[in-house]
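Working notes for the structure below.
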Amino acid sequence: MTTNQICGVAKWGAAVDDTPVPMPQSVVPVVVLRAQAGIDDEFVLVRDHNSPNDTVFRDDETIDLSEGNVFYSLRRCEVSPRDACKSAPKLAVFVDDRMEVVTRPKQTGKSILQLFGFPLNIKLYRDFESPEDSMIPLEREVLFREGPVFYSRQGGGGLKVIINARPFTEEDGVKEEMTGLEIASLVYPENPENTRIWSLEGEKRPVDHSETIEIKNCTKFEVVRKDVTGGFELTRLQREIAVLAQGEAKVSLVESPSAVVYHDLSVMSGLPVEETDVLVLIPGGYPGQMLDGAFLPVDSPLLGCVKGSPQDQIVEAVGQRWKLVSYHPHTNGIGPAWDPTRHGIHTYLGEILSWLHDAK
């Protein structure tokens, strides 16, 4: 008997222009998805494969979300002939109404919890149209086609330690006696040898990898890596910004959130302003993970003039608040496909200028 037979129909959802959209089932008419996503008639719906040949859907078609549930809207007049798409689609996974995008259709309970930054003592459930949802163990295979919507619940009791302010339980491998190396493995399982450990019980003291410690409930530790590198190549960013500086462009690197701000960019005449600043977030996997989207100041009169729908996401940086606009120059089939060997902060400026000069 399959999980679906036990629990009923899995809940489904889609991501359209970076916005979660709940869906009644995996197979839906295009017009239903368009309506729920609020897409105007002048736009078509496109499945995102991160390819120049992303799949464009006619309004009279049906979409199977299990084949890819990440979409964006594109003006009908901008759709050009394209070959059949052979690239893997992007897949949106939802936990507690939060969304993350993956490309691997096979996950585990553990990998999904880690994707959303949950500690591994959190219990994960696939969400069904039924009160009989079943918990997903850490090592159980999770297939995207069986449903992308999940929710979390706090784990139970038992022996627990606190490492770097995160709880770990017996389900994670906590036991009554542990070596320093075993404690480090809870936080850094791939390379626990490359860590330093401190006990926070009483006076803070270092713990050797070979030392055996009696674990009491809620014993506290700190574990840190010896070698620390950033989530992206800072030197590469600095080099790309230096290239722009040589051309007298004004670009600032923001530490929190990780972003760059392009300053004083010119705007086509006839619009409410002559120039603007634009913020672009830097993904953790940059440059392997592409730059995407653009933020304008929340009070910018250009919102609604530039292409792309304003989104709910707001960030604060360099003393002001910024609003995300759904702009995807490297995924909509018009701009070039992202190539980390050629593209970067220095080339994305051209895409931003094209976007601003096309505002109406």
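The values are calculated or read from the model by the stated rules, or taken from the named source; none is laboratory data. Predicted model, so just to flag it, every value in this text is computed and none were measured. Cβ placement follows ideal geometry from the backbone for every residue including glycine, while neighbour counts extend to all protein chains displayed.
When ASP264, ASP277 are checked against the criterion of being loosely packed, with under 13 Cβ neighbours inside 10 Å, in contact (Cβ under 8 Å) with a residue 12 or more places away in the chain, over 27 Å from VAL44 (Cα atoms) and in contact with a strand residue (DSSP E or B) (Cβ under 6 Å, 6 or more places away or on another chain), a single residue qualifies: ASP264.
Restricting region 273-309 to residues that are among the aliphatic types (A, V, I, L, M), closer than 15 Å to THR347 by Cα and touching a Pro at 6+ places or on another chain (Cβ under 8 Å), the residue that is modelled with the lowest pLDDT is MET290.
If only residues of region 1-16 that are touching a Gly at 6+ places or on another chain (Cβ under 9 Å) and at pLDDT 95 or above are counted, the one that is farthest from VAL93 (Cα to Cα) is VAL16.
Looking at VAL44, VAL28 in this structure, which one is over 25 Å from GLY293 (Cα atoms), surrounded by 14 or more Cβ atoms within 10 Å (Cβ to Cβ) and at pLDDT 95 or above? On inspection, the qualifying residue turns out to be VAL28. The residues of region 89-98 that are modelled with pLDDT of 95 or more and over 13 Å from the mean Cα position of the chain (by Cα) amount to a single one, PRO89.
Listed here are the residues, each with its yes/no results for (1) closer than 30 Å to GLY13 by Cα; (2) hydrophobic (A, V, I, L, M, F, W, C); (3) not assigned by TED's automatic domain parsing to the domain that holds VAL70.
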| position | (1), (2), (3) |
| --- | --- |
| PHE144 | yes, yes, no |
| GLY147 | yes, no, no |
| ASN164 | no, no, yes |
| THR169 | no, no, yes |
| GLY173 | no, no, yes |
| GLU176 | no, no, yes |
| THR179 | no, no, yes |
| SER185 | no, no, yes |
| TYR188 | no, no, yes |
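Taken together, the residues in region 303-328 that are assigned to a loop (DSSP other than H, G, I, E, B), surrounded by fewer than 19 Cβ atoms within 10 Å (Cβ to Cβ) and either among the small types (Gly, Ala, Ser) or within 18 Å of the chain's Cα centre (by Cα) (or both) amount to 2. Would you confirm whether any residue within region 103-120 is more than 30 Å from VAL21 (Cβ to Cβ) and either touching a helix residue (DSSP H, G or I) at 6+ places or on another chain (Cβ under 7 Å) or in a loop (DSSP other than H, G, I, E, B) (or both)? Scanning region 103-120, I find no residue that is more than 30 Å from VAL21 (Cβ to Cβ) and either touching a helix residue (DSSP H, G or I) at 6+ places or on another chain (Cβ under 7 Å) or in a loop (DSSP other than H, G, I, E, B) (or both), so the answer is no. GLY288 meets the conditions (1) free of Cβ contacts under 8 Å to residues at least 12 places away in the same chain; (2) within 30 Å of LYS307 (Cβ to Cβ) in every case but one. The failed one is (1).
Is it true that LEU143 is at pLDDT 90 or above, under 30 Å from SER26 (Cβ atoms) and not aromatic (Phe, Trp, Tyr)?
On the way: at pLDDT 90 or above: yes; under 30 Å from SER26 (Cβ atoms): yes; not aromatic (Phe, Trp, Tyr): yes.
Yes, satisfied.
If you check ALA15 against the conditions, is it surrounded by 13 or more Cβ atoms within 10 Å (Cβ to Cβ) and of a type in the set (Gly, Ala, Ser)? I'd like the intermediate steps shown before the answer.
Numbers: surrounded by 13 or more Cβ atoms within 10 Å (Cβ to Cβ): yes; of a type in the set (Gly, Ala, Ser): yes.
Judged against the criteria, ALA15 is a match.
Return the residues of region 31-66 that are within 14 Å of VAL79 (Cβ to Cβ) and either of a type in the set (Gly, Ala, Ser) or not in a loop (DSSP other than H, G, I, E, B) (or both); say none if nothing qualifies. Result: PHE43, VAL44, LEU45, VAL46, ARG47, THR55, VAL56, PHE57. The residues of region 141-170 that are assigned to a loop (DSSP other than H, G, I, E, B) and of a type outside the set (S, T, N, Q), listed by number, are GLY147, PRO148, GLY155, GLY156, GLY157, GLY158, LEU159, ALA165.
Criterion applied to VAL261, VAL280, VAL273 was being in a loop (DSSP other than H, G, I, E, B) and hydrophobic (A, V, I, L, M, F, W, C), and the one residue passing it is VAL273.
Suppose we filter GLY38, GLY117 for residues that are over 19 Å from the mean Cα position of the chain (by Cα), on the phi > 0 side of the Ramachandran plot and in the same structural domain as SER130 (by TED's automatic domain parsing); which single one remains? Outline the logic, then answer.
Details: GLY117 fails: over 19 Å from the mean Cα position of the chain (by Cα).
Only one candidate qualifies: GLY38.
Against the test of being surrounded by 14 or more Cβ atoms within 10 Å (Cβ to Cβ) and touching an Asp or Glu at 6+ places or on another chain (Cβ under 7 Å), the options LEU65, LEU115 yield a single qualifying residue, LEU115. Of the residues LEU143, LEU91, the single one that is among the hydrophobic types (A, V, I, L, M, F, W, C), in contact with a Phe, Trp or Tyr (Cβ under 8 Å, 6 or more places away or on another chain) and within 23 Å of ASP64 (Cα to Cα) is LEU91.
Restricting to region 151-185, name every residue that is touching a Gly at 6+ places or on another chain (Cβ under 9 Å) and at pLDDT 90 or above. It would help to see each step written out before you state the result.
If we filter region 151-185 for residues that are touching a Gly at 6+ places or on another chain (Cβ under 9 Å), which is where we start, we get 167, 169-171, 174, 182, 185.
Hits for region 151-185 are GLU182, SER185.
Could you list all residues from region 313-322 that are over 14 Å from SER258 (Cα atoms) and either out of contact with any strand residue (DSSP E or B) (no Cβ under 6 Å at 6 or more places or on another chain) or of a type in the set (Asp, Glu) (or both)? Listed by number, the list holds a single entry, GLY319.
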